[in-house]
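K.L.:
Here it is, the structure, as structure tokens.
The values are calculated or read from the model by the stated rules, or taken from the named source; none is laboratory data. Just so it is clear, the structure is predicted and the values come from calculations on it, not from any experiment. Here the Cβ positions follow ideal geometry from the backbone for every residue, glycine too, while neighbour counts run over all protein chains shown. Remember, those area values only see protein heavy atoms, side chains included, never the ligands or the DNA or RNA. Shrake-Rupley method; radii C 1.70, N 1.55, O 1.52, S 1.80 Å.
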Amino acid sequence: MATVAPARLAEVFVEVADTLVDDFDVIEFLQMITTRTSELVAVPAVGLLLDDGRGRLQFMAASDEETRLLELFQIQHNEGPCLDAFTLGTPVVNADLAHAESRWPTFAPRAAASGFRSVHALPLRLRSTVIGALNLFGTDAGSLEPGDVKIVQALADVATIGLLQEKTIRHGEVLTEQLQHALNSRVVIEQAKGALARTHGIGVDAAFELLRTSARTHNRKLVDLARVVVTEPHTLPGLMR
Amino acid sequence: MGESHQDDLAVVRDLLPRVAPAGDVAADVRTWLGRMCSAAVTALPATGVGVSLMTDTGVLAVAKASDTLTDSLGTLQFTLGEGPCVDAFHEHRPVLVPDLGAVASTRWPAYTAAALASGVQAVFSFPLQVGAARLGALDVYRAEAGELSAPATGLALAFADVTVEALLDAQGAVSAAAEPGGLDGVVDGHYVVYQAQGMTMVDLGVSLVDALARLRGHAYAADRPLLDVARDVVEGRLRLEPDTA
């Protein structure tokens, strides 16, 4: 895989810095991290999982729906590269899915059947604490070069910093508060996707796009708009009829 | 790692019977909440545990606690309109205060003074919520300052999860005989379940909380796992109707 052009990398970090303003949209931010990671290192599918405070991972964002399903599959079967990176706190790089059945007996065949041939996972680390993992799925057996791995880890670190919204988290309780808030935000968005899908007779993916477009049009945070969709639908006559 | 939360949930479910709505559901819920607070104060490193149920707008509806002191500190927050439990509800996140003595005097001036005077040094408040559906908050009090450990935090979250389930089941009239395993999912990270909640809200024209309760009630009545019912809803094979119980 091609090593990233420095100019493109600089653009992404400027975009990240622009996003990380006060009270930013955490779901859009994580969505952006997965999409940009995918583009930068030319890996077609990227997903992000977070620790739910009970020692378990929850899905937060993915560059596409297939990746989302694979992430959920790992959670459901409690097995896969993301769980390894999270549990061990160390990266999983260039794992060849054709030879990974002994390591991940249910995940490896499922990912291979989805057309992927290689997989990578990088922990989201805050010093000694691991709060989640970033997962990359490749369709060729080509490997991430060391330079690419550094870039992806930098993006994983940026995701961590953005999530915690503070340069130094002095106390574990702030970590718990922020993570629980981010996790609940994801749940709110899923509920709103369901409500929008039913109201408009569309699929949940189309409902997500509708929510994103509407949030951008009205300059609102995705989660704030999603919350209104499911708690005060009558105040959104255009969106919720 | 993967088992730890499941274990926490199993531990908490073992400690508590399900709500048995035998007639007066509100009274049964109060009894259950009282038991939950007593179980939690024993299981957690805590000197007091209280629970506050709130309306959508954050008005206190029901309060129960492991002891009278905790009870009065819980209701005091609503009298004053300030405190960690009020913030946890409105900010949709836990509010964890390991040292009340170190809290800025402007944050909850009256509440902090009252809590410290009562001998409380730390308070940890966990919202009772599933996404945008909010039911209240669970407060854990300690007489000594210090962080709640990660395992204790996990257990407190499990108490909050099981309380949410119990409240929804009381509302959806799910029988006490229901197998908890068959209803797993309200807080289980299955996104299909959350999507089905939003869809059911629209189908029935009810609040999100009511939709959660109705979905669980339907799963129990049909003797099916909640996740299967949710998949049917999301994939268009099932649409709850206002007259189905």
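Matching residues to (1) in contact with a Lys or Arg (Cβ under 8 Å, 6 or more places away or on another chain); (2) over 16 Å from B:Y191 (Cβ atoms):
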residue: A:D23; (1), (2): yes, yes
residue: A:I27; (1), (2): yes, no
residue: A:T35; (1), (2): no, yes
residue: A:P44; (1), (2): no, yes
residue: A:R54; (1), (2): no, yes
residue: A:S63; (1), (2): no, yes
residue: A:T67; (1), (2): no, no
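K.L.:
Inside the range A:49-116, counting only helices (runs of 4 or more DSSP H) that do not spill past its ends, which hold 2 or more residues that are over 16 Å from the mean Cα position of the chain (by Cα) and among the hydrophobic types (A, V, I, L, M, F, W, C)?
P.N.:
Details: elements: A:65-77, A:81-88, A:107-113.
Passing ranges, in order: A:107-113.
K.L.:
Here's a follow-up. Give, as residue ranges, the helices (runs of 4 or more DSSP H) completely inside the range A:155-241 that count at least 3 residues that are of a type in the set (V, I, T) and within 18 Å of the chain's Cα centre (by Cα).
P.N.:
A:172-200
K.L.:
Anything in the range B:117-169 that is free of Cβ contacts under 8 Å to residues at least 60 places away in the same chain, β-branched (V, I, T) and either facing another protein chain (nearest Cβ under 9 Å) or in a loop (DSSP other than H, G, I, E, B) (or both)? List them, or say none.
P.N.:
Matches in the range B:117-169: B:T153 only.
K.L.:
Among what's in the range B:89-102 and is surrounded by fewer than 18 Cβ atoms within 10 Å (Cβ to Cβ) and not small (G, A, S), pick the residue that is nearest to the other protein chains (Cβ to nearest Cβ).
P.N.:
B:E91
K.L.:
Also: Out of A:G201, A:G162, I need the residue that is surrounded by fewer than 21 Cβ atoms within 10 Å (Cβ to Cβ), within 11 Å of another protein chain (Cβ to nearest Cβ) and not hydrophobic (A, V, I, L, M, F, W, C). Which one?
P.N.:
A:G201
K.L.:
From B:V62, B:V86, B:V49, B:V97, which residue is of a type in the set (A, V, I, L, M), closer than 21 Å to B:A152 by Cα and out of contact with any Ser or Thr (no Cβ under 6 Å at 6 or more places or on another chain)?
P.N.:
Numbers: B:V62 fails: closer than 21 Å to B:A152 by Cα; B:V86 fails: closer than 21 Å to B:A152 by Cα; B:V49 fails: out of contact with any Ser or Thr (no Cβ under 6 Å at 6 or more places or on another chain).
Being of a type in the set (A, V, I, L, M), closer than 21 Å to B:A152 by Cα and out of contact with any Ser or Thr (no Cβ under 6 Å at 6 or more places or on another chain) holds for just one of B:V62, B:V86, B:V49, B:V97, which is B:V97.
K.L.:
Another one. Checking A:L136 against (1) open to solvent by less than 20 Å² (accessible area, probe 1.4 Å); (2) more than 13 Å from chain B (Cβ to nearest Cβ); (3) farther than 28 Å from B:V97 by Cβ; (4) in a helix (DSSP H, G or I), which test does it fail?
P.N.:
(4) is the only condition that A:L136 fails.
K.L.:
If a residue counts only when it is closer than 30 Å to A:A85 by Cα, which strands (runs of 3 or more DSSP E) contained entirely in the range B:1-111 have at least 1 such residues?
P.N.:
It comes to B:95-97.
Residue-by-condition table, conditions (1) touching a Phe, Trp or Tyr at 6+ places or on another chain (Cβ under 6 Å); (2) among the basic types (K, R); (3) modelled with pLDDT of 90 or more:
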| residue | (1), (2), (3) |
| --- | --- |
| A:A112 | no, no, yes |
| A:R117 | no, yes, yes |
| A:H120 | no, no, yes |
| A:I131 | no, no, yes |
| A:L136 | no, no, yes |
| A:A141 | no, no, no |
| A:L155 | no, no, yes |
| A:A159 | no, no, yes |
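K.L.:
Can you give me the number of residues within the range A:178-209 that are of a type in the set (D, E) and either touching a Pro at 6+ places or on another chain (Cβ under 6 Å) or within 11 Å of B:A196 (Cα to Cα) (or both)?
P.N.:
The number of residues fulfilling the criteria is 1.
K.L.:
So how many residues does the range A:42-56 have that are out of contact with any strand residue (DSSP E or B) (no Cβ under 6 Å at 6 or more places or on another chain), under 24 Å from A:A5 (Cβ atoms) and open to solvent by less than 30 Å² (accessible area, probe 1.4 Å)?
P.N.:
0
K.L.:
In the list A:E39, A:E28, A:E15, A:E11, which residue meets the criterion of being open to solvent by 20 Å² or more (accessible area, probe 1.4 Å), within 17 Å of A:A182 (Cβ to Cβ) and at pLDDT 85 or above?
P.N.:
Every option except A:E28 fails the conditions.
K.L.:
Let me ask something additional. Would you confirm, using the coordinates I've provided, whether B:F78 is among the aromatic types (F, W, Y), out of contact with any His (no Cβ under 7 Å at 6 or more places or on another chain), over 30 Å from B:P225 (Cβ atoms) and within 14 Å of another protein chain (Cβ to nearest Cβ)? Spell out the reasoning first.
P.N.:
Numbers: among the aromatic types (F, W, Y): yes; out of contact with any His (no Cβ under 7 Å at 6 or more places or on another chain): yes; over 30 Å from B:P225 (Cβ atoms): yes; within 14 Å of another protein chain (Cβ to nearest Cβ): no.
It is false that B:F78 is among the aromatic types (F, W, Y), out of contact with any His (no Cβ under 7 Å at 6 or more places or on another chain), over 30 Å from B:P225 (Cβ atoms) and within 14 Å of another protein chain (Cβ to nearest Cβ).
K.L.:
So which of B:R18, B:R107, B:R13 is at pLDDT 90 or above, in the same structural domain as B:R134 (by TED's automatic domain parsing) and not aliphatic (A, V, I, L, M)?
P.N.:
Exactly one of B:R18, B:R107, B:R13 is at pLDDT 90 or above, in the same structural domain as B:R134 (by TED's automatic domain parsing) and not aliphatic (A, V, I, L, M), namely B:R107.
K.L.:
Here's a follow-up. Report whether or not B:L69 is more than 14 Å from every other protein chain (Cβ to nearest Cβ) and crowded, with 18+ Cβ neighbours inside 10 Å.
P.N.:
So B:L69 does not fit the description; no.
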